[in-house]
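K.L.:
My structure is below; once you've seen it, I'll send some questions.
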Amino acid sequence: MFYRFALEQLISYDRMNSQIEAVKGLHTGKVAVGISADIHTGFLAPLVTAFKQEFPQVELTIQLVSQSDLEEQLVSGNIDFALFYQPQLSRHIKINFSKQVDLCLMVPNGVKLGQDRTVRLHHLEGLNLITPPLQTELMAKFEGACERREIELPPYLSCSDQTQYLQQTPIALIGLAILPKPNQPGAVPAGYKVLKLHENDVGSGYINVVIERKRHLSFAASKFHERLTYNLDL
């Protein structure tokens, strides 16, 4: 009887240890998120900080992905999912979150531009624009709008991360980007305000969270996905 009791206790202890290890395992792993270069990433900082505080052992990677590489990166599993502006879909990719957004400008606080926080394209003539890379969907839309209006707005600089240039320049630069949470504190560099380009000139568009159709997200990836979409939906 004693040996039977001891064996049952040992089995129970092993099961408890297995459950504990399983729970620990849920809080580890890797999460890789792709993001298009025309989306300004300032809004991600508090989200990433909160996630890492809750899941410190999860290895989190956020990387820029081009439109031409999006499908391959998702299908190969190099990224778990992507936050993208106007992605080109295929039979391998599906959208599981979508939000309409404006084309926005990051403007130094001392610069007066447009009316009622809205800017027309012709207001930008002669100003120093810093834009996303020319191959992004935002720039395709922006350049198309300029062509229709017969306006030339060559960028002062095109790059994937505008923040450092906006913060450290001795001249007034105007940043063009997709701002998923334009009113969130820290979403734009200090000393800058957010204005939007008039819809009559450039229209609007959608940011989307896209995943590979057959992919099942890991626990860690699903948790970051959940927090990201919740934050965007607020």
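K.L.:
Please give the number of the condition Val107 fails out of (1) open to solvent by 20 Å² or more (accessible area, probe 1.4 Å); (2) part of a strand (DSSP E or B); (3) aliphatic (A, V, I, L, M).
P.N.:
(1) is the only condition that Val107 fails.
K.L.:
Consider Ala187 carefully, then state whether it is in contact with a Leu (Cβ under 9 Å, 6 or more places away or on another chain), modelled with pLDDT under 95 and open to solvent by less than 30 Å² (accessible area, probe 1.4 Å).
P.N.:
Considered against the rule, which asks whether it is in contact with a Leu (Cβ under 9 Å, 6 or more places away or on another chain), modelled with pLDDT under 95 and open to solvent by less than 30 Å² (accessible area, probe 1.4 Å), Ala187 comes out as yes.
K.L.:
Does Thr136 fit the bill of being of a type outside the set (Gly, Ala, Ser) and touching a Lys or Arg at 6+ places or on another chain (Cβ under 7 Å)?
P.N.:
No, not satisfied.
K.L.:
Could you list all residues from the stretch 113-166 that are assigned to a helix (DSSP H, G or I), closer than 19 Å to Ser36 by Cα and touching a His at 6+ places or on another chain (Cβ under 9 Å)?
P.N.:
Passing the criteria: only Thr163.
K.L.:
Being farther than 27 Å from Ile95 by Cα, β-branched (Val, Ile, Thr) and loosely packed, with under 13 Cβ neighbours inside 10 Å is the requirement here; does Ile151 meet it?
P.N.:
So Ile151 fails the test.
K.L.:
If you don't mind, there's one more thing I want to ask. For the stretch 186-220, enumerate the residues that are under 16 Å from the mean Cα position of the chain (by Cα) and over 18 Å from Ser98 (Cα atoms).
P.N.:
Gly186, Ala187, Val188
K.L.:
Ser204 - would you say it is small (Gly, Ala, Ser), open to solvent by 40 Å² or more (accessible area, probe 1.4 Å) and in contact (Cβ under 8 Å) with a residue 24 or more places away in the chain?
P.N.:
no
K.L.:
Mind listing whichever residues of the stretch 33-48 are among the hydroxyl-bearing types (Ser, Thr, Tyr) and open to solvent by less than 20 Å² (accessible area, probe 1.4 Å)?
P.N.:
Residue satisfying the conditions is Ser36 alone.
K.L.:
Looking only at the stretch 49-59, decide whether some residue is open to solvent by less than 50 Å² (accessible area, probe 1.4 Å) and without any contact (Cβ under 8 Å) to a residue 60 or more places away in the chain.
P.N.:
The answer is no; no qualifying residue exists.
Okay, residues lined up against (1) more than 26 Å from Gln73 (Cα to Cα); (2) not hydrophobic (A, V, I, L, M, F, W, C):
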| position | (1), (2) |
| --- | --- |
| Asn183 | yes, yes |
| Ala187 | yes, no |
| Glu199 | yes, yes |
| Tyr206 | no, yes |
| Ile211 | no, no |
| Arg215 | no, yes |
| Ser222 | no, yes |
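K.L.:
Please give the number of the condition Ser76 fails out of (1) within 30 Å of Ser158 (Cα to Cα); (2) under 19 Å from the mean Cα position of the chain (by Cα); (3) modelled with pLDDT of 95 or more.
P.N.:
(2)
K.L.:
Just to be sure I understand, how many residues within the stretch 186-234 are of a type in the set (A, V, I, L, M) and either touching a His at 6+ places or on another chain (Cβ under 6 Å) or part of a loop (DSSP other than H, G, I, E, B) (or both)?
P.N.:
Counting residues in the stretch 186-234 that are of a type in the set (A, V, I, L, M) and either touching a His at 6+ places or on another chain (Cβ under 6 Å) or part of a loop (DSSP other than H, G, I, E, B) (or both) gives 5.
K.L.:
If I ask for residues that are touching a residue at least 40 places away in the same chain (Cβ under 8 Å) and charged (D, E, K, R), which ones from the stretch 89-119 would you list?
P.N.:
Arg91, Lys94, Lys99, Asp102, Arg117
K.L.:
So which residues in the stretch 167-176 are among the small types (Gly, Ala, Ser) and either under 19 Å from Val101 (Cα atoms) or in a strand (DSSP E or B) (or both), if there are any at all?
P.N.:
Gly175
K.L.:
Can you tell me how many residues within the stretch 115-131 are out of contact with any Pro (no Cβ under 6 Å at 6 or more places or on another chain), surrounded by fewer than 18 Cβ atoms within 10 Å (Cβ to Cβ) and either closer than 21 Å to Ala190 by Cβ or polar (S, T, N, Q) (or both)?
P.N.:
Result for the stretch 115-131: 5.
K.L.:
Also, quick follow-up: Only one residue in Leu179, Leu232, Leu228 is more than 20 Å from Leu103 (Cβ to Cβ) and either open to solvent by 30 Å² or more (accessible area, probe 1.4 Å) or within 14 Å of the chain's Cα centre (by Cα) (or both), so which one is that?
P.N.:
Residue meeting the stated conditions: Leu228.
The values are calculated or read from the model by the stated rules, or taken from the named source; none is laboratory data. Values in this document were obtained by computation on a predicted structure and should not be read as measured data. Reconstructed Cβ throughout: ideal geometry from the backbone, glycine too, with neighbour counts over all protein chains shown. Remember, those area values only see protein heavy atoms, side chains included, never the ligands or the DNA or RNA. Shrake-Rupley method; radii C 1.70, N 1.55, O 1.52, S 1.80 Å.
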